[in-house]
Amino acid sequence: MTDVTLYHWEPNANSGKPMLALFEKGVAFDSHYLDLLNFDQHKPDYLAVNPLGTIPAMTHGKLVLTESTAIMEYVDEAFDGPRLMPADPVDQWRTRWWMKFMDQWLAPSFSMIGWSVFVGPSVRQKDPAELEAAIDRIPMPERRVAWRKAINGAFSPEEMTESQRRVALGIGYLEQALGERQWLASDEYGLADINGFNLAYAMPLSQPQLCNDELTPHIMRWLRAIYARPATRACWALGRTDLARRISLLESEPA
């Protein structure tokens, strides 16, 4: 047992961000898996930890932390291990710029696409009355709306088009930045890379016409470099679905 517990779903997206930071820092923690597709995050046991019912959450002793990017920064400051926030003020600014861009611009678009093609179809086969009861238990009204849209396939064409536009723009920004330096925000691997990887690792699969070895060689180099890190492999080993294991193309070098 440790005094750190991470409540998470699969080791990607928001759940994967603090999880990978913990592994990179070498922090021992208790893994508490929440099956998002079974609405574990809205059940009483977890709502006692985080009344908003969002994941991930982390406890450190009696302290309860929420919001994945803020948890990453806490992990970096609170524990020994390699520093994940650069020392240089300009690199710190760049790190926080990228994390904000990821969280506020790219993440909602990736989420909408992912919910449309994976989350919604994955839960749609459940009993309708059971689904409605589960949605009614969601504490945040806006999350109830998102779940209903995902389950019913009700994201509008305009919403999906805008998400695709934002993803395409984000891919261009990433490729340009990674052509200027090895890592996203500085010359050393850090929080911006952890944040970005957990959102972008599936781009070669979900957006093959936009992200591939020919069009985005810098992104592909970056994704492979993070994928090869021991901490990433240890992190992904905690997954229970094929979400992380499906990116076999990161196993090999470009042709």
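The table that follows gives values for the structure above.
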{"quantity": "Net +/- balance of residues flanking ARG165 in space, Cβ distance below 14 Å, scoring K and R +1, D and E -1", "calculated": "-2"}
{"quantity": "Size of electric dipole in the chain: Cβ of Lys, Arg +1 and of Asp, Glu -1, about Cα centre, debye, nearest 20", "calculated": "360"}
{"quantity": "Gain upon complete extension [TRP97, ARG143; 0.36 nm per residue less C-alpha separation]", "calculated": "14.0 nm"}
{"quantity": "Alpha carbon centroid spacing (whole Å) that separates region 141-170 from region 2-43", "calculated": "25"}
{"quantity": "Dipole magnitude of region 120-242 about its Cα centre (Cβ charges: Lys, Arg +1; Asp, Glu -1), debye to nearest 20", "calculated": "320"}
{"quantity": "Cβ-based charge dipole, region 15-88, positive-most Cα from LEU84, VAL64, SER15", "calculated": "VAL64"}
{"quantity": "Segment ALA78-GLU132, extension gain: residue separation times 0.36 nm, minus the distance between their alpha carbons", "calculated": "15.4 nm"}
{"quantity": "The chain, accessible surface, carbon-and-sulfur percent (1.4 angstrom probe)", "calculated": "55"}
{"quantity": "Whole-number D in µm² s⁻¹ for the chain, Kirkwood Cα-pair radius fed into Stokes-Einstein, 4 °C, 1.567 mPa s", "calculated": "69"}
{"quantity": "4 °C / 1.567 mPa s Stokes-Einstein diffusion coefficient of region 89-229, Kirkwood radius on C-alpha pairs, µm²/s", "calculated": "78"}
{"quantity": "Cβ-defined net charge surrounding MET102, 12 Å radius [Lys, Arg +1; Asp, Glu -1]", "calculated": "+2"}
{"quantity": "Calculated FRET value between ALA70 and GLN176, using beta carbons and R₀ = 30 Å, to 0.05", "calculated": "0.65"}
{"quantity": "Stretch gain in nm, segment LEU37-ASN152, where the contour uses 0.36 nm per residue and the Cα spacing is subtracted", "calculated": "39.9 nm"}
{"quantity": "Choice from MET220, MET140, MET19 with maximal GNM fluctuation in the chain (Cα, 10 Å cutoff)", "calculated": "MET140"}
{"quantity": "1.4 Å probe accessible area per residue over the chain, in Å²", "calculated": "47"}
{"quantity": "Dipole of region 89-229, positive direction: furthest Cα of PRO139, SER206, ALA192, with charges on the beta-carbon", "calculated": "PRO139"}
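The values are calculated or read from the model by the stated rules, or taken from the named source; none is laboratory data. No experiment lies behind these values; they were computed from the predicted model shown. In this analysis, Cβ positions are derived from the backbone assuming ideal geometry, glycine residues included, and neighbour counts consider all displayed protein chains. Only protein heavy atoms, including side chains, enter the accessible area calculation; ligands, DNA and RNA are left aside. Shrake-Rupley method; radii C 1.70, N 1.55, O 1.52, S 1.80 Å.
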